Each structure stands twice: as structure tokens, then as C-alpha cells.
Amino acid sequence: RQRVLSGVQPTGNLHLGNYLGAIRNWVEIQSQYDNFLFIADLHAITVPHEPATLAANTYTLATLYLACGLDLNHSTIFVQSHVSAHSELTWLFNCITPLNWLQDMIQFKEKAVKQGENVNVGLLDYPVLMASDILLYKPDKVPVGEDQKQHLELTRDIVNRFNHQFAKPNQPVLKLPEPLIRKEGARVMSLTDGTKKMSKSDPSELSRINLLDSPDEITKKIKRCKTDPVRGLEFDNPERPESNNLLTLYMLLSGKTKEEVAAECQDMGWGQFKPLLTDTTIEALKPIQEKYQAVMNDKGYLESVLRDGKQKAEAIANQTLNQVKAAMGYSIPL
Ligand code: ATP
Ligand code: MG
């Protein structure tokens, strides 16, 4: 069975971009793979964070994984900081990763601008930690949103560099992972600007719909979202990013095909479309929200899930870490 690895940071609320770009795809393919899905709490501190909320955000995200439909028969759910091999492998990879590879990363440049004077080494090093997260589990596929494509390429560069420097010919230590990026939903855009991706770190709450938003909040956000003065909605018109984004949301949340949605909405005004999108979103999120409440009320169960996850993940991660260390010459037996 092929293996899948992916994760989300516990920074703020999960939004429709995280769901449609990542988690929903994990759920759809989970029965075909052996899945390792983690909560990226080490990545969460690459921007200033609040210690008082880190644990609560981690519980929330783990609960959302289950609420979105991850099934423990197929998927191992664990917390990144519970498996120390992630940090240790990052150090080893740091020492073989050229600085300029990291300085060229689009996400680093974008997030660094927002941080101003406060850019820390961790933000620059984010893609190396991500490479460690992935390579420890030797996955075949890494399902992510479009924004992570460049980081996946860097992970592949690290594999090639490491194997070239330290592995014996035809006996690679690290395995090349493939990104799995679905076309539809791979890049959900902000509600307030159709040219920017929907993001947890966007300061405006109006820019995103969170999976745990109440019907009132969803109604308000869609009412206020950016539109254009044109009548009739259409896909794929580069002049109309908001139209394309909101139609895509409607298509994915309603389960209708692109053709069906295009035909249904081609003559609609925004005043008619917005309530339709609102109702569809509320309906689509309702089962997730109900399941969320049920699991959140049973913290003991959640902790047992994370304890099991840590054990399974650690066994695999430590094995890879030991192979990497041995290849690099850390070989004194104790
Ligand atoms: P941050 O702004 O803090 O980086 P984020 O919203 O980008 O948060 P992450 O935890 O970094 O969320 O990403 C988790 C997963 O969600 C990744 O697979 C990422 O590719 C995907 N993702 C994030 N934003 C979007 C989006 N707007 N559309 C589709 N997928 C997305
Ligand atoms: Mg991100």
C-alpha cells in the first residue's frame, strides 16, 4: 500500500481553502493509502505565537481532522512536536541545504514582508522542517494546496542532494515524494480580494470562511464579499477573479459539476447568487460542525488518538532518522 503524508498548522481557524485544498482530498483518497496526517505545531511558531493558545489550537485541529471524516482505520493522526525526529532531521538537513534555496522561496518572501523587522531564522527554515516532516515517512504522495508546490520541489531537491552526497549508488536513503494537487480547489481565493489566496494569517476575518463559522457569520461574510458590477457569473475569466472563485466554491460545496454550475449561474445577478452560496455553505459545513462538537466533548478520546498516533509515527520516523544518521557517518554504537 502506498503511503500519504500531509499536515496543517494549528494557527487560527481552518478555512475553506484548507478544507477544499487539502483535508477534503485526504478524506477522499484515504481508503486507498496508508495515511500519516499531522498537526504542524512546530511550524506554528515560525511567526509570533501565543503560548496560551497553542495547545487549544492543536486540540481544535485534531478534532477537525476527525470531524472532516478522517478514519483511524486508514489514517494515523499525530502532533509534530510529539515526534522529536522532525526537529533532529531538520538540523541534519540544514547542514546540506544552501541558504539561497531558502531565500528564493515565495512564501518566505511574502511572510517576511509582513513580519517586518521580526523575521526569525525559523521562518526561513520552514521548508527544511517541511522536508523533514515528509521524508521521515518515505511517502509516495503528499496532498497539498497549490501554494505548497514550491516547497515540495525543494524537498525533492534535498532528496537528490542527500542521496548524491551520502547514499551508495543505487541504494537511495531518501525517497522522492510526489505532490498531489487537485485542480479544483487547489487555490481558494480571499473573499475580499480574488487575486490573493485565502489564508489563516490574513488579518481580516472577512477574507475567509472558517469551518466553524456560525450560519450568521457565513451569511455576513458572503454578503460583504467582493464582487464586480457585471451581471451573470462565469468561470475562468481572468478579468473576474471573484466570479471564478465564488462559483468554484459553489461547485465544490454543492457537489455539482462545472457545466451544471456554469449553466445555472450564467444569467444570475449577485443578489440572487449570494443567498444560494450562503445556504450551500451552511449546509455543507453543518455535518462537520456537529461531529466537531461531539468529539470536542470527549477530550480523553482525543488524547488517546494522539497517543496512538505518536507511537505509530515515531516508530517509522526513528527508523528513517537512524538511516540518515548512519549514512552521514554517525556510527558509534552504544
Ligand atoms: P498560513 O497563512 O498561516 O500559512 P494557511 O491558510 O496557508 O495558513 P497552512 O496550515 O499553511 O494554512 O496550510 C495547510 C494546507 O492548506 C496546505 O496543504 C495548503 O496548501 C492548503 N491551503 C492553504 N491555503 C489554501 C488555499 N487558499 N487554497 C487551497 N489550499 C490551501
Ligand atoms: Mg500556509
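The values are calculated or read from the model by the stated rules, or taken from the named source; none is laboratory data. Since this is a predicted model, take the numbers as computed values, not measurements. Counting neighbours? That spans all protein chains shown, and the Cβs are built from the backbone with ideal geometry, glycine included.
Restricting the first residue to the stretch 199-214 and requiring it to be in the same structural domain as Ala62 (by TED's automatic domain parsing), which pairs with a second residue that is surrounded by fewer than 20 Cβ atoms within 10 Å (Cβ to Cβ) and of a type in the set (A, V, I, L, M) meet a Cβ separation below 6 Å and a spacing of at least six or different chains?
Matching pairs, first to second residue: none at all.
Per-residue answers, yes or no, for (1) within 16 Å of ligand 2 (Cβ to nearest atom); (2) assigned to a strand (DSSP E or B); (3) in contact (Cβ under 8 Å) with a residue 24 or more places away in the chain:
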residue: Val27; (1), (2), (3): no, no, yes
residue: Ile45; (1), (2), (3): yes, no, yes
residue: Tyr59; (1), (2), (3): no, no, yes
residue: Asp71; (1), (2), (3): no, no, yes
residue: Ser81; (1), (2), (3): no, no, yes
residue: Phe108; (1), (2), (3): yes, no, no
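Taking Thr195, is it within 16 Å of ligand 1 (Cβ to nearest atom), in contact with a Pro (Cβ under 7 Å, 6 or more places away or on another chain) and under 19 Å from Thr248 (Cβ atoms)?
yes
Which one is nearest to the chain's Cα centre (by Cα) among residues in the stretch 1-20 that are more than 13 Å from ligand 2 (Cβ to nearest atom) and crowded, with 22+ Cβ neighbours inside 10 Å? Outline the logic, then answer.
Step one: filter the stretch 1-20 for residues more than 13 Å from ligand 2 (Cβ to nearest atom), giving 1-5, 13, 16, 19-20.
Still in the list and also crowded, with 22+ Cβ neighbours inside 10 Å: 4-5, 16, 19-20.
Values: Val4: 13, Leu5: 11, Leu16: 11, Tyr19: 8, Leu20: 10 Å.
The residue in question is Tyr19.
Scan the stretch 136-146 and give yes if some residue there is in a helix (DSSP H, G or I), within 16 Å of ligand 1 (Cβ to nearest atom) and surrounded by fewer than 18 Cβ atoms within 10 Å (Cβ to Cβ), otherwise no.
Scanning the stretch 136-146, I find at least one residue that is in a helix (DSSP H, G or I), within 16 Å of ligand 1 (Cβ to nearest atom) and surrounded by fewer than 18 Cβ atoms within 10 Å (Cβ to Cβ), so the answer is yes.
Quick check on my filter: what residues within the stretch 201-215 are part of a loop (DSSP other than H, G, I, E, B) and buried (at least 17 other Cβ atoms within 10 Å of the Cβ)?
Correct list: Asp202, Arg208, Ile209, Leu211, Leu212, Asp213.
For (1) more than 16 Å from ligand 1 (Cβ to nearest atom); (2) surrounded by 15 or more Cβ atoms within 10 Å (Cβ to Cβ); (3) farther than 30 Å from Cys225 by Cβ; (4) not assigned by TED's automatic domain parsing to the domain that holds Arg224, each residue gets a yes or a no:
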| site | (1), (2), (3), (4) |
| --- | --- |
| Leu154 | no, yes, yes, yes |
| Ala167 | yes, yes, yes, yes |
| Asn170 | yes, no, yes, yes |
| Pro177 | no, yes, yes, yes |
| Arg187 | no, yes, no, yes |
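Which of the following residues is charged (D, E, K, R), surrounded by fewer than 18 Cβ atoms within 10 Å (Cβ to Cβ) and under 30 Å from Tyr65 (Cα atoms): Lys196, Lys221?
Working: Lys221 fails: surrounded by fewer than 18 Cβ atoms within 10 Å (Cβ to Cβ).
Going through Lys196, Lys221 in turn, the sole match is Lys196.
Quick one: count up the residues across the stretch 2-36 that are small (Gly, Ala, Ser) and more than 13 Å from ligand 1 (Cβ to nearest atom). Quick ask: steps written out before the conclusion?
Going residue by residue through the stretch 2-36, those that are small (Gly, Ala, Ser) are 6-7, 12, 17, 21-22, 31.
From what is left, the residues that are more than 13 Å from ligand 1 (Cβ to nearest atom) are 31.
So the answer is 1.
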